[in-house]
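Student: I am attaching a structure below and will ask some questions about it afterwards.
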Amino acid sequence: MTKRPTYSQIRNELMKRYPSGVTPAGIDIEDIAQLKLQNTYSTHLDIARDMAGVMRRDMAAYDADTSKFTQSLGCWSGFHAQQMIKSVKRMKGTAKGTYVYLSGWMVAGLRNRFGHQPDQSMHEKTAVVDLIEEIYVSLRQADEVALNDLFAELKAARKDGKGQGIISEIVSRIDSFESHVVPIIADIDAGFGNEHATYLLAKEMIKAGACCLQIENQVSDAKQCGHQDGKVTVPREDFIEKLRACRLAFEELGVDDGVIVARTDSLGAGLTQKIPVSLEPGDLACDYIKWLETEEVTDANPLKDGEMAIQKDGKVVRPVRLPNGLFKFREGTGAARVVEDCIASLTIGGADLLWIETATPDVDEIARMVGEIRTVVPDAKLTYNNSPSFNWTLNLRKQVKAQWVAEGRIEALDYPDGAELMSAKFDESPLGREADQRLQRFQGDIAARAGVFHNLITLPTFHLTAKGMDELSRGYFGEDRMAAYVTTIQRSEIRNGVSAVRHQHEVGSDLGDTFKEMVGGERALKAGGAHNTMNQFEGAA
């Protein structure tokens with residue numbers, strides 16, 4: 001990250017301008033120094049440039065040691081992102097290796113003017129840009145609040161006549177302060193239009209702070225959620241043009257290390273909108289066309305008016321076409337198409353990371369595809385969607401059962417098939433415990449075995465909000481009343497050190513008091529006095 005000037009450096013520069021320590025307007029240079037340090041980034045484009053470097057260094061660290069994979073949670077508001085980063089910093093002492101994922105699904109579902117919409121690019125383009133901006137405003141405000149607390153501690157130490165050792169220690173914490181700002185992986189869907197539209201939107205997302213853009217190989221006007229049916233992919237040369245559009249946006253704005261995640265939905269996509277033009281055997285178009293489901297044109301099966309034919313493997317064939325004009329791929333070709341997609345995106349499209357959308361969380365399946373990709377691109381790395389669309393409990397239990405039956409450790413009838421395997425009665429069974437242990441290891445396993453550099457959960461805050469509101473509402477509007485709020489929320493906040501329990505402080509009340517004092521001195525009308533009810537939470541644990 002960009003090295004910020006220290007408190008002493010800023011103060012010394014200010015003393016050169018104002019040797020008396022006070023400006024002609026009567027402003028103390030200590031207050032100016034504080035504000036300069038609290039403003040951790042001048043613009044959000046500076047954030048994009050800085051965070052791109054962070055991601056590049058993290059990718060290099062992962063290449064050297066696969067245990068150094070990175071993680072994120074999908075956040076649909078700045079406050080969600082802020083609280084996530086604060087929690088990680090409180091737990092680990094650092095947010096290094098932690099990112100924010102910005103999901104197009106959640107923008108469509110929760111952040112657009114048309115209501116709650118499915119993940120089909122039905123939301124306004126500007127809503128994605130606005131959310132990036134909002135997240136970084138929230139993370140920067142977390143910096144301001146935290147640094148304001150440190151400066152309040154510094155002022156109090158000086159006022160109380162504390163020794164230079166204590167003052168130096170506080171200044172050291174100010175100088176070594178780690179920003180809450182982290183990289184955002186931002187979902188640009190299928191580009192919201194043609195390659196020029198993709199470029200224009202990419203620029204706005206980067207200017208809002210995005211250092212990493214994730215784009216998928218679906219048709220823009222027929223885009224579907226990666227975990228739904230009816231997905232339609234575009235020819236590889238079309239997708240490569242959109243990858244190049246994103247790269248040009250990064251280059252134009254001076255984000256030289258900008259990261260592009262090329263997502264392929266081919267594993268579950270059985271349709272394409274158009275047949276590309278092949279200019280020579282083995283080119284991108286030819287490799288795309290070869291997977292189409294076709295019928296040979298013969299005297300007994302001739303072409304009809306309005307039908308089309310192509311030459312394939314020395315024969316004239318008719319591509320199978322649906323009534324809506326879409327063409328079908330052959331069943332069972334998804335994995336092979338994924339491998340070719342990924343190789344083309346990396347070697348021709350200039351992508352930096354891959355995203356393979358899968359139907360189930362299967363380490364072996366991902367590892368097989370990545371193994372094939374790495375025969376051509378040895379350092380290929382993935383971002384993987386640990387999706388809430390997966391029934392994790394059922395999938396992992398099924399995997400354990402199948403393996404144990406194959407190994408002769410259990411009989412097939414020892415555990416049920418289907419949804420019954422989800423039953424709570426199996427939670428403490430040997431199979432249930434083994435599945436949970438694999439769940440705990442899952443991200444580490446795919447990082448080590450399948451080249452997954454970044455693990456994310458797309459929609460956790462959607463489900464967390466739904467679950468949390470359900471739990472609170474059932475208690476509060478039921479028999480527990482206030483006990484529901486206190487036991488499920490407030491008491492847990494206090495005991496876990498969640499700073500938001502002091503909600504006035506969390507949104508900048510003390511920060512505002514400090515500024516009022518900077519400009520008004522003793523005249524400042526402050527909110528944080530003796531009668532502020534937030535004082536009830538001081539020292540609570």
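Only the coordinates and a few stated rules stand behind these numbers; no lab work does. Given the structure is predicted, the values throughout are model-derived calculations rather than measurements. Neighbour counts are summed over all protein chains in view; Cβ atoms, including those assigned to glycine, are modelled from backbone coordinates with ideal geometry.
Student: Report, in whole Å, the centroid distance computed from the Cα atoms of the range 262-292 and the range 352-404.
Tutor: The range 262-292 and the range 352-404 have Cα centres separated by 22 Å.
Student: Then there's this: Over 32 Å between Cα atoms: which of Lys16/Lys162; Lys92/Lys401; Lys162/Lys516; Lys203/Lys290; Lys203/Lys381; Lys381/Lys401 fall into that group?
Tutor: Pairs exceeding the cut-off: Lys92/Lys401; Lys203/Lys290.
Student: For Lys467, list the lysines whose Cα falls under 24 Å from its own Cα; do not include residues on the same chain fewer than 8 positions away.
Tutor: Hits, sequence-local ones excluded: Lys86, Lys425.
Student: Please give the helix 29-38 orientation as an angle from the longest Cα principal axis of the chain, in degrees from 0 to 90, rounded to the nearest 10.
Tutor: 20
Student: Taking amide H positions as placed in the peptide plane 1.01 Å from N, state which residues far from Thr358 in sequence (5 or more) or on other chains have amide H under 5 Å from it.
Tutor: Sorted by chain and number, the residues that satisfy this come to none at all.
Student: Let me ask something else. Give the peptides 199-211, 42-54 in descending order of average Cβ contacts within 10 Å, highest first.
Tutor: Listed from highest to lowest mean packing, they are 199-211, 42-54.
Student: Calculate for the chain the 222 nm mean residue ellipticity that helices alone would give, adding -39,500 (n - 2.57) per DSSP H run of length 4 or more and normalising by residue count, nearest 500 deg cm²/dmol.
Tutor: Value at 222 nm, helices only, nearest 500: -14500 deg cm²/dmol.
Student: Gap in Å between the Cα centre of the range 153-183 and the Cα centre of the range 61-112?
Tutor: 27
Student: Of the listed peptides 69-81, 309-321, what is their order by residue-averaged count of other C-beta atoms within 10 Å, with the highest listed first?
Tutor: 69-81, 309-321
Student: Please report the projected area of the range 1-83's Cα convex hull averaged over all directions, in nm².
Tutor: One quarter of the hull surface, i.e. the mean projection, equals 8.4 nm².
Student: Okay, moving on. Using θ = phi - 60° and the Karplus relation 6.51 cos²θ - 1.76 cosθ + 1.60, list the HN-Hα couplings for the range 487-501 in order, rounded to whole Hz, with x at every Gly or Pro.
Tutor: Couplings: 6, 8, 10, 5, 5, 5, 4, 4, 6, 9, x, 6, 5, 5, 4 Hz.
Student: Which net charge results when you count Lys and Arg as +1 and Asp and Glu as -1 among the other residues whose beta-carbon is under 15 Å from that of Arg140?
Tutor: Within the 15 Å Cβ shell, the charges total -4.
Student: Could you order peptides 355-362, 485-492, 26-33 by the average number of other Cβ atoms within 10 Å of their residues, highest first?
Tutor: Packing proxy ranking, top to bottom: 355-362, 26-33, 485-492.
Student: Specify the angular offset, from 0 to 90 degrees and rounded to the nearest 10, of the alpha carbon long axis of helix 7-17 from the longest principal axis of the alpha carbons in the chain.
Tutor: The angle comes out at about 60 degrees.
Student: Can you give the relative contact order of the range 467-523 as a percent, counting alpha carbon pairs under 8 Å and 6+ residues apart?
Tutor: Reported as a whole number, the value is 15 percent.
Student: Moving to a separate point now. Among Phe329, Phe114, Phe426, Phe239, rank each residue by its count of other Cβ atoms within 10 Å, from fewest to most, as a rough exposure measure.
Tutor: So the ranking, lowest neighbour count to highest, is Phe114, Phe426, Phe329, Phe239.
Student: Can you give the log10 of the normalised intensity I(q)/I(0) at q = 0.05, 0.06, 0.11, 0.12 Å⁻¹, computed with Debye over equal Cα scatterers of the chain?
Tutor: Reported log10 I(q)/I(0), two decimals: -0.27, -0.38, -1.09, -1.23.
Student: May I have the pair-distance distribution P(r) for the range 467-523, computed from all Cα-Cα distances with 5 Å bins from 0 and rounded to whole percent?
Tutor: All Cα pairs considered, the percentages come to 4, 17, 16, 15, 14, 10, 8, 7, 6, 3, 0.
Student: Moving to a separate point now. At 0.36 nm per residue, minus the direct Cα-Cα distance, what do Asp445 and His531 gain on full extension? Give it in nm, one decimal, please.
Tutor: Full extension of this stretch gives 25.6 nm more.
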